[in-house]
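Everything on this sheet refers to the single structure shown next.
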Amino acid sequence: QLQASGGGLVQAGGSLRLSCVVSGSTFSSYVMGWYRQAPGKQRDLVAAISSGGSTNYADSVKGRAMISRDNAKNTVYLQMNGLKPEDTAVYYCAAKSKMRVVYEYWGQGTEVTVSS
């Protein structure tokens, strides 16, 4: 089970840190990702972090976002800075085993609204 939190209303230029707690004992082996879905748009990958800590980011958030994980707390974070109105979306955390192509497990989403 994945439980995301940390969303809210923020002004443009502000920051938010999203958190996702994962239940179970296999968190450290998962690849973790943050996706977002804006109204009327598809769900897109924002950032991902491997079990070893390697990260990748969507071009739209590079330099403004940082994904991290704390294996002791079974938690993955997404720090977003310099927020823009176009960052407004529901953000979902997701998990998958290393060998999987698609994410297997999904959280319920946390809504981020950036006002201009």
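The numbers here are math on the coordinates, done by the rules we state, and not lab data. What you see is a predicted model; the values in this text were computed from it and never measured. Every residue, glycine as well, gets a Cβ built from its backbone with ideal geometry; the counts of neighbours run over all protein chains shown.
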Exercise for review: Quick one, can you get me the convex hull of the C-alpha atoms of the chain expressed as volume per residue in Å³?
Suggested key: 92 Å³
Review point. Counting DSSP beta bridges in the chain, what percent are antiparallel, to the nearest 5?
Key: 90 percent
**Study point:** Length-normalised contact order of the chain in % [C-alpha pairs under 8 Å, at least 6 apart]
**Key:** 36 percent
Practice item. Would you mind working out the magnitude of the charge dipole of the chain relative to its Cα centre, with +1 at each Lys and Arg C-beta and -1 at each Asp and Glu C-beta, to the nearest 20 Debye? Key: 180 debye
Study note, to complete from the structure: Subtracting the Cα-Cα distance of Ser116 and Ser50 from 0.36 nm times their residue separation yields 20.4 nm
Review point. Can you give the FRET efficiency for Ala12 and Met99, using 1/(1 + (r/R0)^6), R0 = 35 Å, r = Cβ-Cβ distance, to the nearest 0.05?
Key: 0.30
Check your understanding: Along the charge dipole of the chain, which of Ala95, Leu45, Thr110 sits closest to the positive end, that is, farthest toward it, with unit charges on the beta carbon of Lys, Arg, Asp and Glu (+1, +1, -1, -1)?
Key -> Ala95
Review point. Across the chain, how many lysine pairs separated by 8 or more positions, or lying on different chains, have Cα atoms within less than 24 Å?
Key: 8
Review point. Each residue of segment 60-75 in order: what ³J(HN,Hα) in whole Hz does its phi give by Karplus 6.51 cos²θ - 1.76 cosθ + 1.60, θ = phi - 60°, with x for Gly and Pro?
Key: 5, 10, 4, x, 10, 10, 9, 9, 8, 9, 10, 5, 5, 10, 6, 10
Practice item. Collect residues whose amide H, placed 1.01 Å from N in the peptide plane, falls under 5 Å from the amide H of Tyr105; neighbours closer than 5 in sequence don't count. Key: Ala95
